[in-house]
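Below is one structure, written out as structure tokens; comments come after it.
The values are calculated or read from the model by the stated rules, or taken from the named source; none is laboratory data. Nothing here was measured: the structure is a model prediction, and the numbers come from that model.
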Amino acid sequence: MNDLVENSEYMNLLKNIEQIINESKYRIAKSVNTTIVQAYWNIGKYIVEFEQGGSFKAKYGEALLTNLSRDLKLRLGRGYSRPN
């Protein structure tokens, strides 16, 4: 059983509203993705700058990522494992 009204003007209205909603969802997702990429790029930049401490090369093996992971998980919750 089809519960949709079979009026062409109504169907046009419905189609236009659906299109607005879908376009808005797309723009929201695109904006969120862009913001996340920018945030992660800046996080990486700050980690590299911190690791290098002004030097051309970083000193590795000081467990910075492990410590950051632990502390971010304590402050912000899940999703901040060392590989992430």
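Taking the residues in segment 36-54 that are among the polar types (S, T, N, Q) and at pLDDT 95 or above as candidates, determine which candidate is farthest from Thr66 (Cα to Cα). Outline the logic, then answer.
Initially, segment 36-54 is screened for residues among the polar types (S, T, N, Q), giving 38, 42, 52.
Of the ones still in play, those that are also at pLDDT 95 or above are 38, 42.
Details: Gln38: 22, Asn42: 18 Å.
Checked segment 36-54; the qualifying residue farthest from Thr66 (Cα to Cα) is Gln38.
Considering each of Asn33, Asn22, Asn7 in turn, give the residue that is of a type in the set (S, T, N, Q), over 21 Å from Arg82 (Cα atoms), more than 19 Å from the chain's Cα centre (by Cα) and at pLDDT 90 or above. Please lay out each step first, then the result.
Numbers: Asn33 fails: more than 19 Å from the chain's Cα centre (by Cα); Asn7 fails: at pLDDT 90 or above.
Every option except Asn22 fails the conditions.
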